[in-house]
Amino acid sequence: MPIKSSTKGHAVDKQTAAFFDFDGTLIAGYSAFYLLKEQIKRKLLGRHQITEVILGLVNYRAHLIDADELMSIGSSHLKGMLESDFADLGKQVYEKNIFKLIYPEARALIEKHRQQGHQIVIVSSASQYQLTDAAKELGIDHILCTQYQVKDGSFTGEVISPVCWGDGKVRAANNFAAEHGIDLDQSYFYSDSDEDLPLLEAVGHPRPLNPNKRLTKIAKKNNWPCQTFGSRSRGLSKTLRSVGVYTSLISAYFGGLGVSKLSGSSITGRNFMVSSFSDFVCALIQMELKVRNPEHMANSGPAVVIFNHQSQADGFIIMKLLRDNFAGIGKKEFGKFRLLANAYEFAGIIPIDRSDSKNTIDLMKPLVDTLQIEGRSVAIAPEGTRSSSMKPGPFKKGAFHLAIDAGVPILPVVIHNTADVQAKGDFLFHPATVTVEILPAVNTTTWRKETLDAHINEVRNQFLTALGFPAENTVGTKSATQEIAAKANVTAAKPKPRTKKAAPKNSSAKASDSSTSQTDKQTQ
């Protein structure tokens with residue numbers, strides 16, 4: 001019987017593994033296709049090699065060659081190539097293509113097994129260069145896959161037999177089970193293909209996932225539970241809704257201009273535009289919001305609102321949350337499209353060139369008046385660009401300089417899963433429920449620009465913690481708040497209501513009642 005223990009209310013089964021195929025199972029597509037496409041684009045393969053690959057696939061489907069021979073054809077074209085170069089290629093293909101194909105439902109399924117204490121394992125015929133970054137993103141430590149022979153840092157052109165395909169997957173799973181004390185009779189295997197029938201039959205809980213036609217028939221015959229994920233499906237309706245996002249922005253802009261003219265107030269017109277656009281877009285793409293701790297936004301007053309950036313949908317969410325209280329910054333690239341640039345400017349968004357740090361700070365100066373005089377909050381994504389991971393990237397300094405200059409708090413807004421709606425690199429928007437967590441405002445009255453890196457690290461760690469990642473400690477041993485309190489010889493206290501008057505030099509150091517820690521030093 002499996003050894004079980006209790007952790008945080010969950011029964012932990014230490015002898016059970018959840019094996020997952022990769023292509024078509026965890027992602028909506030085939031990683032080999034995108035890898036081959038990128039190799040062709042970069043002219044890493046000649047016409048003869050491309051022809052060999054295509055003929056190999058045809059012969060395999062016709063049962064004229066086996067899986068080992070097919071994989072050998074692919075590996076032969078890598079002969080002499082540096083393994084590090086191919087690993088870099090795999091990483092770029094992941095960031096450009098694979099990340100946006102990960103099923104949100106797969107993330108949830110993996111987490112369900114993780115909570116039960118199961119070992120999570122990817123078992124795939126793909127190579128580690130196609131799987132490593134996705135496994136890291138999904139928090140999966142174990143990969144069983146096809147291996148290429150490497151000598152002195154370069155590929156020899158040989159594949160290591162047996163490949164991780166068909167019966168090869170069974171051998172790999174058996175070896176893993178023996179090594180980690182896993183009972184296959186208690187374990188699960190998720191796959192989309194009938195080619196994985198040997199391992200489906202070898203585990204106690206076969207789970208066809210997004211099954212092809214033949215596997216669907218086999219599953220029905222054997223009474224195996226089947227499941228199909230639909231979140232990454234593509235079709236005309238999604239395309240039309242996605243196009244509608246941009247056309248609705250222009251419609252809302254013209255509507256706002258009309259309201260502005262009729263009311264004689266540009267502020268009224270702007271508020272109409274932001275509210276109508278954000279409401280319509282959320283309904284159009286079927287994005288529902290689950291907001292945690294909305295009172296923190298209601299009680300913060302004017303603030304620099306910072307948010308982690310995974311998707312274009314993030315901006316829609318921030319507009320919907322702030323509404324009449326909204327202003328922000330956007331990419332300089334919007335200026336290439338005059339009508340779009342006008343619409344964003346009317347909504348209160350300032351376009352900036354993030355590659356020019358000095359120019360960025362100068363362009364953001366009018367936002368000090370937006371905060372201090374108009375009383376509007378300013379929304380900024382401190383990462384600067386959308387991330388190809390759920391984990392926030394390094395934070396730049398612009399938003400934090402603005403908070404200090406304007407004398408307003410930082411309000412962290414943690415967006416948990418807009419990659420489910422539209423991941424970086426994807427044009428289409430997909431229906432999803434997005435969780436948004438508003439953290440307590442971070443008081444900045446005691447902040448100094450000399451210690452800004454430490455403050456940024458503390459705030460970023462709040463995001464990491466909220467998103468389930470470990471805090472990162474590389475800057476000193478004390479928090480910035482503790483350093484300030486020690487130098488002022490006072491005890492840190494909770495923030496008080498803010499006034500525009502500068503704090504006295506020896507005033508008590510005020511700290512956010514959010515938990516803080518440190519992370520690696522960030523730069524502008």
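The values are calculated or read from the model by the stated rules, or taken from the named source; none is laboratory data. Values in this document were obtained by computation on a predicted structure and should not be read as measured data. Note: ideal-geometry Cβ built from the backbone for every residue, glycine included; neighbour counts use all protein chains shown.
Return yes when residue 120 is under 21 Å from residue 142 (Cβ atoms) and either outside any helix (DSSP H, G or I) or in contact with a Cys (Cβ under 7 Å, 6 or more places away or on another chain) (or both) and no when it is not. Here the answer is yes, as residue 120 does meet what is asked. Only one entry in 446, 481 is at pLDDT below 95, over 30 Å from residue 313 (Cβ atoms), among the hydroxyl-bearing types (Ser, Thr, Tyr) and part of a helix (DSSP H, G or I), namely 481.
Selection over the range 276-296 of residues that are surrounded by fewer than 21 Cβ atoms within 10 Å (Cβ to Cβ) and not in a loop (DSSP other than H, G, I, E, B) gives a count of 13. The criterion of being of a type in the set (Lys, Arg), part of a helix (DSSP H, G or I) and in contact (Cβ under 8 Å) with a residue 40 or more places away in the chain holds for residue 100.
The number of residues in the range 383-400 being touching a strand residue (DSSP E or B) at 6+ places or on another chain (Cβ under 8 Å) and closer than 13 Å to residue 352 by Cα comes to 2.
In this structure, is residue 106 assigned by TED's automatic domain parsing to the domain that holds residue 186, within 28 Å of the chain's Cα centre (by Cα) and either modelled with pLDDT of 95 or more or buried (at least 16 other Cβ atoms within 10 Å of the Cβ) (or both)? Judged against the criteria, residue 106 is a match. Is the range 447-467 home to any residue that is under 30 Å from residue 240 (Cβ atoms), in contact with a helix residue (DSSP H, G or I) (Cβ under 9 Å, 6 or more places away or on another chain) and among the hydrophobic types (A, V, I, L, M, F, W, C)? So far as the range 447-467 goes, no, none of its residues is under 30 Å from residue 240 (Cβ atoms), in contact with a helix residue (DSSP H, G or I) (Cβ under 9 Å, 6 or more places away or on another chain) and among the hydrophobic types (A, V, I, L, M, F, W, C). Please pick out the residue among 403, 423, 399 that is in a loop (DSSP other than H, G, I, E, B) and either modelled with pLDDT under 90 or over 18 Å from residue 289 (Cα atoms) (or both). Result: 423 is the single residue among 403, 423, 399 that is in a loop (DSSP other than H, G, I, E, B) and either modelled with pLDDT under 90 or over 18 Å from residue 289 (Cα atoms) (or both). Of the residues making up the range 178-193, those that are farther than 21 Å from residue 109 by Cα and either among the aliphatic types (A, V, I, L, M) or in contact (Cβ under 8 Å) with a residue 24 or more places away in the chain (or both) number 3. Which residue pairs have Cβ atoms closer than 7 Å, lie 6 or more positions apart in sequence or on different chains, and pair a first residue in the range 433-456 that is more than 30 Å from residue 284 (Cβ to Cβ) and not assigned by TED's automatic domain parsing to the domain that holds residue 298 with a second residue that is in a strand (DSSP E or B) and modelled with pLDDT under 95? Listed pairs, sorted by first residue: none to list.
Only a single item in (1) within 17 Å of residue 127 (Cα to Cα); (2) touching a Ser or Thr at 6+ places or on another chain (Cβ under 9 Å) is not met by residue 171, and it is number (2). For the range 76-91, the tally of residues that are within 17 Å of residue 40 (Cβ to Cβ) and surrounded by 15 or more Cβ atoms within 10 Å (Cβ to Cβ) stands at 7. Residue pairs whose Cβ atoms lie under 7 Å apart, sitting 6 or more positions apart in sequence or on different chains, and linking a residue in the range 26-48 that is assigned by TED's automatic domain parsing to the domain that holds residue 101 and of a type outside the set (A, V, I, L, M) to a partner that is in a helix (DSSP H, G or I) and crowded, with 17+ Cβ neighbours inside 10 Å, are 29/101; 31/98; 31/130; 34/93; 34/97; 34/98; 38/89; 38/93. Within the range 128-157, the residues that satisfy the criterion of being more than 27 Å from residue 469 (Cα to Cα) and either among the aromatic types (Phe, Trp, Tyr) or part of a strand (DSSP E or B) (or both) are 146, 147, 148, 149, 150, 151, 154, 155, 156, 157. Of the set (1) in a helix (DSSP H, G or I); (2) closer than 24 Å to residue 27 by Cβ, all apply to residue 179 but (2). Filtered by the rule that a residue be surrounded by fewer than 16 Cβ atoms within 10 Å (Cβ to Cβ) and either more than 31 Å from the chain's Cα centre (by Cα) or at negative phi (or both), the range 36-48 gives 37, 40, 41, 42, 46, 47, 48. Every condition in (1) among the small types (Gly, Ala, Ser); (2) more than 28 Å from the chain's Cα centre (by Cα); (3) at pLDDT below 95 holds for residue 173 except the one numbered (3).
The listed residues are 453, 426, and the only one of them that is under 15 Å from the mean Cα position of the chain (by Cα) and surrounded by fewer than 22 Cβ atoms within 10 Å (Cβ to Cβ) turns out to be 426. Do we find a residue being among the acidic types (Asp, Glu), touching a Ser or Thr at 6+ places or on another chain (Cβ under 6 Å) and at pLDDT below 95 anywhere in the range 126-140? Checked the range 126-140: at least one residue is among the acidic types (Asp, Glu), touching a Ser or Thr at 6+ places or on another chain (Cβ under 6 Å) and at pLDDT below 95.
Of the residues in the range 308-331, at least one is more than 20 Å from residue 249 (Cβ to Cβ) and either of a type outside the set (S, T, N, Q) or in contact with a Pro (Cβ under 6 Å, 6 or more places away or on another chain) (or both).
Just name the residue that is surrounded by the most Cβ atoms within 10 Å (Cβ to Cβ) out of those in the range 158-169 that are assigned to a helix (DSSP H, G or I) and among the charged types (D, E, K, R). Ranking the qualifying residues of the range 158-169, first place goes to 169.
For the range 190-219, enumerate the residues that are among the hydroxyl-bearing types (Ser, Thr, Tyr), surrounded by fewer than 24 Cβ atoms within 10 Å (Cβ to Cβ) and either outside any helix (DSSP H, G or I) or not assigned by TED's automatic domain parsing to the domain that holds residue 126 (or both). Once the filter is applied, which keeps residues that are among the hydroxyl-bearing types (Ser, Thr, Tyr), surrounded by fewer than 24 Cβ atoms within 10 Å (Cβ to Cβ) and either outside any helix (DSSP H, G or I) or not assigned by TED's automatic domain parsing to the domain that holds residue 126 (or both), the range 190-219 yields only 193. Residue 265 meets the conditions (1) farther than 30 Å from residue 427 by Cβ; (2) not assigned by TED's automatic domain parsing to the domain that holds residue 374 in every case but one. The failed one is (2).
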